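Visitor: Dropping a structure here in C-alpha cells format, bear with me for questions.
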Amino acid sequence: MENTNDNTTCGCGPKPAPKFPEQVTGMYILARALKNIGIKNVYGLVGIPITEAAYMVQGQGIRFVGFRFEQQAGMAAATEGYLTKAPGVLMTVSSLGFLNGLTATANATVNCYPMIQISGASDPTMVDMKMGTYEELDQLNTARPLVKAAFRCSHAKDIPEAVNRAYRAAVSGRPGGVYIDMTTPALGEVMDAAEAEKLFYTPVDMYSPVAPNKDAVARAVELIANAKRPALLIGKGAAYAQVEDKLKALVEKYNIPYFPMSMAKGVLPDEGPLSALSCRSTIMEQADVVILAGARLNWLLSFGKGKWNPDTKFVHLEIDPQEIDTNRPCAAPVVGDLGLSLDAILAGLEGKKMSADPQWVPSLRAETRSKNAKFAERLAEAAKLSPMNHWSALSAIKPVLAENPDVILINEGANTLDDTRDTISMSRPRHRVDCATWAIMGMGMGSAIGAAVATGKKVVAIEGDSAFGFSGMEFSTICRFKLPVTVVIFNNGGIYNGIGEPMDKTSDPAPTTLDVNARYDKLGDAFGADTYYVTTPDELGEALRKSIASGRPSLIDVQLAADAGKESGHIGYLNPTPLQEIKV
Ligand code: ADP
Ligand code: MG
C-alpha cells in the first residue's frame, strides 16, 4: 500500500488506481458503511476530494441530493434528522465547503437535531505542519466546539466504525450534530475488497432510550395530581421524540390544557378543545404546575422569568440532566427519554385523585373563544386591504392549508414568521419547521428540500423576501429534483418592511431596504417551475391551491405593500432603539 502520509512525497504523487473489483477505495467503503446503517439520503455539494464518493453513494442506491450551497444541504440533513429520528447526512468538500456546512451542523446541535457532517479534509500530517497544502484548514479542531462529537478517519479501515459511532452519537441522549473528518489519505486508500468486506458490521441497538428513576417519577406524579391549575408546555423535543399519543392520553385523561412552542404546533391539535394556544400569558401568570415536555426555559420562554409566576412549579421532562434548573429551579426534574418518562408518569397517575380547579379549563376556553373571534375579525378586515399586508395574504393561505393538513410547512422571516405562526393552525405533529432556537434566517429552501426528500410529503415554504434571499438559489435544486415544494414569498421589499429611510449622509438604500418591485416569480421561470405573481387574496388562494394539487415545484410571488410589517417587536430588549428613531 502506498504511504500517502509520507512527507517526502508530500502526499501529492500519482496514486495507482484501484483494480476493481478485487480492490476498493476508502470512498467505496464510506458509501457501503452509510448503506449498512440504513442511510437513505445524502445531501451535499461535490468537488475535490469527495466527487467520487458521491458517485459511490449513488452506486449504493442511496439518494445523493446535490445542492448549490453546502449550508443549505446541511439544513436539509438536519431537517431529515428532526423529522425521522435518524441522522441526516451532509457531505462537504474541504475548507470553505466544510465551513459552509458547519454552520448548519452547529445549528442542528443547538436545536437538538441529529445529523452527521462528513467532510473531505486535507492530509492532517501536512495541515499540522502548515505546509500550505490544498485547502489547508484544521477542520477537526474548528468543528469540535460546535458539535456533539467529532471523529477523524486517517485510514480507510476506520471508516465503518466512525460512521457507526457518529450515528450513535447523533441520536443518543440529547440529539445533535456530529462531525467526521474524512481525510484524503483515507478516502483514496486502496484496500483489498475481501479485507474491506470484513470491516462492516451491523451495530446493535443504535438508540437505547433511558428510563427515568422511580423517585423522580413519584415526585412529578404528586405535583401533577395536586395541581390546581396544571398546564402542559410542549416543545420541539416532544415533536422529535414522537410522543404525541402519550401526550394525548395525558391531557385527555386528566383534562390538562396545553400550549405548544412554535415547532411543537400540531403535536396536539392547535384547535383541539384543550388547546390553550391563545392563552400563553394567562398560563404563565396563573398555572401553578407546568409540565415542560421537550422544551427549554430559554429566551423563547423569557428564561422562566418576566411574566411567569414566581410560584409556578415546573415538572421538567428532559433527556439532558444538565438542562435541569437552567434559569429557574425545577421542582420535579424527570430525566430520561420522553417516551419512557411519559409512560411512567401515566402509570403513576393511574387511579390518583386529581385536584384541579373545575373552573380552570372552562376559563381558558372562554378566553380562547373570545381571542379567536377577535383574531378572525382582524383577518377578515385585512383581507379587504389593497395592496395586501401579511395578514391579508395569510387570510387566503389559512383555508387552503386547512384543506391540506398533511402539507409540511416551512416558515422563516420576521413578520412573515410571527404572523404565519399565529395564523396557521397545525393539526399534525412534525408538520412545521422554522428558524427555531437561534431564530436564524437562511434555513428555508434547505429545510423544504430535506422535508420533501425525507418524508415524500408535499411542502409549502412561507418566506419573507429577505429570508428567501439567503437560500433562494436552492430553488433550482427543488426544480432539478422535481420536488413537490411550493415557495410563497411575501414581498414587502425589505427586512421588516420596504420603507426604511437611509441616513441623510448617503444616497444608498437604507440597510433594511430590498426590492419591493422584484419579480421573484421570474427566478422560478428560469428553472422551469410553475410560477405565479399575485396581488390579491383571491389570486393567492387560487395559486396556492393549484400548486399544492399539482405536486410540482412552484413559486408564488406575493406582492405586499412596502409599508406592511414592522421591526420585530417581540424582543425589545435586543433592539433598544426603534428603527424610526435611530439618529447619529
Ligand atoms: P423548543 O424550542 O420547542 O422549546 P427546545 O429545542 O428548546 O424546544 O427543547 C427541546 C428539548 O428536548 C431539549 O432540551 C432536548 O434535550 C430535549 N429532548 C430531545 N429529545 C428528547 C427525548 N427523546 N426525550 C426527552 N427530551 C428530549
Ligand atoms: Mg420583507
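The values are calculated or read from the model by the stated rules, or taken from the named source; none is laboratory data. This one's a predicted model, so the numbers in the text were calculated from it and none came from an experiment. Here the Cβ positions follow ideal geometry from the backbone for every residue, glycine too, while neighbour counts run over all protein chains shown. Just so you know, the surface numbers come from the protein's heavy atoms only, side chains and all, with ligands and any DNA or RNA stripped out. Shrake-Rupley method; radii C 1.70, N 1.55, O 1.52, S 1.80 Å.
Visitor: Work out how much length residue 285 to residue 377 would gain on full extension: take 0.36 nm times their residue separation and subtract the Cα-Cα distance, in nm to one decimal.
Guide: Result for the pair: 30.5 nm of gain on full extension.
Visitor: Here's a follow-up. In Å², what does the accessible area per residue of segment 468-526 work out to with a 1.4 Å probe?
Guide: Per-residue accessible area for segment 468-526 comes out at 50 Å².
Visitor: Estimate the FRET efficiency between residue 501 and residue 205 by the formula 1/(1 + (r/R0)^6), using the beta-carbon distance for r and 45 Å for R0, to the nearest 0.05.
Guide: Here the calculated transfer efficiency is 0.15.
Visitor: Have a look at the DSSP beta bridges in the chain and tell me what percent are antiparallel, nearest 5.
Guide: Expressed as a percentage, antiparallel bridges in the chain total about 5.
Visitor: Radius of gyration and Dmax for the chain's Cα atoms, expressed in Å?
Guide: Cα radius of gyration and Dmax of the chain are 25.6, 81 Å respectively.
Visitor: Helix 244-254: angle to the longest alpha-carbon principal axis of the chain, degrees 0 to 90, nearest 10?
Guide: 20
Visitor: Also, I was wondering about something else. For segment 321-444, compute the number of Lys pairs whose alpha carbons are separated by less than 24 Å, excluding pairs fewer than 8 positions apart on the same chain.
Guide: Lysine pairs meeting the criterion: 5.
Visitor: How far is it, in nm, from the label point at residue 214 to the one at residue 369 when both lie 7 Å from their Cα along the line to the Cβ?
Guide: Label-label distance for residue 214 and residue 369, simple model: 4.7 nm.
Visitor: With every protein chain kept in the model, how would you rank 360, 438, 299 by accessible area, 1.4 Å probe, largest at the top?
Guide: 438, 299, 360
Visitor: For the chain, find the longest principal axis of its Cα atoms and tell me its angle to the long axis of helix 96-111, 0 to 90°, nearest 10.
Guide: So the helix axis and the longest Cα principal axis differ by about 40 degrees.
Visitor: Can you give the FRET efficiency to the nearest 0.05 for residue 386 and residue 327, using r as the Cβ-Cβ distance and R₀ = 56 Å? Please list the in-between numbers first.
Guide: Values: r = 46 Å, r/R0 = 0.81.
Once the sixth-power term is evaluated, E becomes 0.75.
Visitor: Using only alpha carbon positions, build the gyration tensor of segment 45-129, then give the equivalent ellipsoid semi-axes as the square roots of 5 times its eigenvalues, largest first, whole angstrom.
Guide: After scaling each eigenvalue by five and taking roots: 21, 17, 11 Å.
Visitor: Which value in nm describes the separation of the simple spin-label points at residue 582 and residue 403, placed 7 Å from the Cα toward the beta carbon?
Guide: 4.2
Visitor: At q = 0.13, 0.15, 0.27 Å⁻¹, what is the base-10 log of I(q)/I(0) for segment 136-206 according to the Debye formula with one equal point scatterer per Cα and no solvent? Please give it to two decimals.
Guide: For segment 136-206, the Cα-only Debye profile gives -0.43, -0.56, -1.20.
Visitor: For residue 122, what is the net charge nearby, where nearby means another residue's Cβ is under 9 Å from its Cβ and Lys, Arg count +1, Asp, Glu -1?
Guide: -3
Visitor: I've got another one for you. Residue 531: net charge of surrounding residues, Cβ under 10 Å, Lys/Arg +1, Asp/Glu -1, itself excluded?
Guide: Local charge sum for residue 531: -2.
Visitor: Need one number: convex hull volume per residue for segment 181-328, Cα atoms only, in Å³.
Guide: It comes to 177 Å³ per residue, whole-number rounded.
Visitor: Let me ask something else about it. Taking all protein chains in place and a 1.4 Å probe, what share, in percent, of the accessible surface of the chain do carbon and sulfur account for?
Guide: 55
Visitor: How much of the calculated P(r) for segment 270-363 lies past 24 Å, in percent of all Cα pairs?
Guide: 27
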